[in-house]
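**Q** Structure in structure tokens, see below.
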Amino acid sequence: MHRTKRLIFLLFVAATMPASAWAQAGIQYDKIEIRTDKVAPNLYMLSGSENVDPGHPDGAGGRIGILAGPDGIFMVDSQYLQIGDKVLAAIRRIDPGPIRFLVNTHIHGDHTAGNATFAKLGAVLLAREELREGMLRPPAAAATSATAPARDPARLPVVTYGMGDPVRFRMNGETVELIPVRAAHTGGDTIIRFVNADVIMIGDFYRNFGYPFIDTNNGGSLKGALEGLELTMKIAGPNTKLVPGHGTYINRTDIIPYRDMMLAVQNRVQQLIAQGRTLQEVLAAKVTAPYDAQVPGGLLPAGAAGTSADRFVSMIYSQLKGSQ
Ligand SMILES: [Zn+2]
């Protein structure tokens with residue numbers, strides 16, 4: 001598009017954007033504080049403050065994991081680029097040692113935008129090959145500033161892996177397994193299991209704030225998300241602490257009603273598709289209504305697609321239509 005035309009187009013888009021979309025862009029980075037939570041003797045979870053990130057009112061950005069000890073630091077996800085100094089300060093309060101490895105659970109900017117900061121401090125970046133490929137593609141038009149990957153080449157994973165056996169790290173008395181998940185929240189998801197601590201960081205294919213978000217623009221799939229949930233329930237023991245990228249910790253029994261809700265909504269949408277209903281008609285049918293009271297944030301705005309419920313139902317509709 002010609003530059004002037006493009007500017008006029010952007011101004012038009014801005015003028016017609018709903019207030020909720022403006023709020024989406026308004027992350028108050030200066031107000032984000034990092035909370036540190038010790039989940040095992042040498043394993044910590046770092047999360048951002050509430051109510052300063054409109055896309056994640058329950059806690060700014062994606063959760064970070066820190067395995068500390070004499071062998072150096074193993075880190076999971078890197079949060080927003082803009083708060084790198086705060087994340088680093090929080091890590092330094094835990095351990096002064098070198099940050100040796102950083103793995104990304106998935107591509108979204110709230111989990112990867114800070115990659116370059118830690119790579120420049122010497123961390124080796126690891127992720128799925130699909131994640132690296134996704135970072136090299138130009139951001140999708142629909143991506144918000146929060147989900148668009150930063151462009152610094154240092155953000156790119158150096159070591160990549162595909163589906164197959166987990167990649168294992170032995171350090172600080174822990175065995176860390178990077179377990180690839182078939183296209184779920186995105187096309188390049190990994191869950192990270194800390195075997196001795198009995199903790200699994202499961203990324204974003206499960207969430208307990210808002211309805212499931214499956215990013216089909218970045219290779220995610222409904223079928224894969226359901227498979228990812230089954231895999232998590234299979235790997236987890238009864239006491240395993242499951243740590244989502246956002247929201248509260250869960251254990252494997254919490255996944256059952258979540259999966260059942262997904263299946264029930266999927267079945268309802270399938271019935272409506274069989275009756276020849278359009279997407280607009282399916283959205284108007286409010287198929288998530290039986291669950292809305294139990295899903296915090298489910299009816300809050302979630303970008304251009306409308307509410308989190310609308311985004312979820314639209315995704316199911318397009319995935320089911322696409323597989324017909
Ligand atoms: Zn996230």
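Please treat every number below as a calculation from the coordinates, not as lab data. None of the values given here were measured: they were computed from a predicted structure. Ideal geometry is used to build each Cβ from the backbone, glycine not excepted, and the neighbour counts take in all protein chains shown.
**Q** Count, please, the residues in the range 103-121 that happen to be touching a helix residue (DSSP H, G or I) at 6+ places or on another chain (Cβ under 6 Å), away from the ligand (no atom under 16 Å from the Cβ) and hydrophobic (A, V, I, L, M, F, W, C).
**A** 2
**Q** Sticking with this structure for a sec: Take residues that are small (Gly, Ala, Ser) and tell me which of the helices (runs of 4 or more DSSP H) falling wholly in the range 72-143 contain 3 or more.
**A** Because the criterion is at least 3 residues that are small (Gly, Ala, Ser), the helices (runs of 4 or more DSSP H) in the range 72-143 that meet it are 84-94.
**Q** Can you tell me which residue is farthest from the chain's Cα centre (by Cα) among those in the range 203-260 that are within 16 Å of the ligand (Cβ to nearest atom) and of a type in the set (Asp, Glu)?
**A** Among residues in the range 203-260 that are within 16 Å of the ligand (Cβ to nearest atom) and of a type in the set (Asp, Glu), the one farthest from the chain's Cα centre (by Cα) is Asp215.
**Q** Contact list please: Cβ distance under 6 Å, first residue in the range 53-66 and in contact (Cβ under 8 Å) with a residue 40 or more places away in the chain, second residue within 8 Å of the ligand (Cβ to nearest atom), pairs at least six apart or on different chains.
**A** His56/His246; Gly61/Asp110; Gly62/Asp110; Gly62/His111; Gly62/Gly245; Arg63/Gly245
**Q** Given (1) in contact (Cβ under 8 Å) with a residue 60 or more places away in the chain; (2) charged (D, E, K, R); (3) touching a strand residue (DSSP E or B) at 6+ places or on another chain (Cβ under 6 Å), where does Lys86 come up short, assuming only one miss?
**A** Only one criterion in (1) in contact (Cβ under 8 Å) with a residue 60 or more places away in the chain; (2) charged (D, E, K, R); (3) touching a strand residue (DSSP E or B) at 6+ places or on another chain (Cβ under 6 Å) is unmet by Lys86, namely (1).
**Q** Could you please let me know if Asn196 is out of contact with any helix residue (DSSP H, G or I) (no Cβ under 9 Å at 6 or more places or on another chain) and away from the ligand (no atom under 15 Å from the Cβ)?
**A** So Asn196 fits the description; yes.
**Q** Filtering the range 234-261 down to residues that are of a type in the set (A, V, I, L, M, F, W, C) and touching a residue at least 24 places away in the same chain (Cβ under 8 Å), which residue is surrounded by the most Cβ atoms within 10 Å (Cβ to Cβ)? Lay out the reasoning, then the answer.
**A** Within the range 234-261, the first condition is being of a type in the set (A, V, I, L, M, F, W, C), and the residues that meet it are 235-236, 242-243, 250, 255-256, 261.
Adding the requirement that they be touching a residue at least 24 places away in the same chain (Cβ under 8 Å) leaves 235-236, 242-243, 250, 255, 261.
Details: Ile235: 17, Ala236: 22, Leu242: 20, Val243: 25, Ile250: 19, Ile255: 19, Met261: 18.
Ranking the candidates gives Val243 first.
**Q** Can you pull out the residues in the range 122-138 that are of a type in the set (A, V, I, L, M), away from the ligand (no atom under 16 Å from the Cβ) and out of contact with any helix residue (DSSP H, G or I) (no Cβ under 6 Å at 6 or more places or on another chain)?
**A** Hits for the range 122-138 are Ala123, Val124, Leu126, Leu136.
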